[in-house]
Amino acid sequence: MTFSPAGRLLVRAARPGTYTTTLSDGRTATTVIGPVRAPVELTSWRLRVESWGPGASGTAKTVHTVRLDRLVPWPEVPELADASGVGTYTARLEWDGSPAYLELGEVTDTCRVTVNGRRLGPVDLIHPVADLGTRLRRGSNTVEVEVATPLGNRLRVADPEVYGGLTRQPYGLLGPVRVVPYGEAPVG
């Protein structure tokens, strides 16, 4: 359930069907949600990682850019095996303009989402789903998920005397990432 911009109560559903709503006064209302397109999984990503660690004259930044045909933890990407830092995942999506959610699946650690250059609100990491609403336009769209990881993977190799006992952690956006369309209709 949600409200329209005019304050009208709406039913929102990712599947077509007939929905019954019980109102606060005990009355029930029936709402029909028409056809809703199937979810789309985003599988092809460009990942740009800024990793920080010791360098010849202090702290040094290393930038890695990789293409992923499927989401995997950073330790499964050879050049990111011991990286910690900030990774920006970018995917392209052709869309019909219908409203949708972005389900991130599993993500380690914190993240934020940008769609077509507009940053969305905070993402709840316990239930990592962002409401894209109508931010996806008809045609080509860009979805970015920025993930900031803990430092353990880098510290275990940068200072093994102190952190050598740590095991590599499965950092990053692990997914699956799906765009899940929904239909809306006023409570009738």
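The values are calculated or read from the model by the stated rules, or taken from the named source; none is laboratory data. These figures come from a predicted structure and were not determined experimentally. Here the Cβ is made from the backbone with ideal geometry for all residues, glycine too, and neighbour counts use every protein chain on show. Surface accessibility is based on the protein's heavy atoms, side chains included, excluding ligands, DNA and RNA. Shrake-Rupley method; radii C 1.70, N 1.55, O 1.52, S 1.80 Å.
On full extension, the segment bounded by VAL86 and GLU161 gains 24.5 nm, given 0.36 nm per residue less the C-alpha separation. Over the chain, dividing the summed -39,500 (n - 2.57) contributions of all DSSP H runs of at least 4 residues by the number of residues returns a 222 nm mean residue ellipticity of -1000 deg cm²/dmol.
Multiplying each eigenvalue of the alpha-carbon gyration tensor of segment 1-101 by 5 and taking the square root yields semi-axes of 47, 17, 12 Å, largest first, rounded to whole angstroms. The portion of the accessible surface of segment 109-188 made up by carbon and sulfur, rounded to a whole percent, is 49 (1.4 Å probe; DNA, RNA and ligands excluded). Note on segment 69-121 and segment 137-169: Cα centroid distance 12 Å, given to the nearest whole angstrom. For segment 8-87, carbon and sulfur atoms together expose 49% of the accessible surface, with a 1.4 angstrom probe and every protein chain in place. For the chain, the Kirkwood hydrodynamic radius from C-alpha pairs, put into Stokes-Einstein at 37 °C and a viscosity of 0.692 mPa s, yields a diffusion coefficient of 175 µm² per second. With all protein chains kept in place, the per residue accessible area of the chain amounts to 56 square angstrom at a probe of 1.4 angstrom. Under 20 Å from a point placed 7 Å out from the Cα of ARG48 along the Cα-to-Cβ direction: which residues of segment 159-188 have their backbone N that close? So the set is 172-174.
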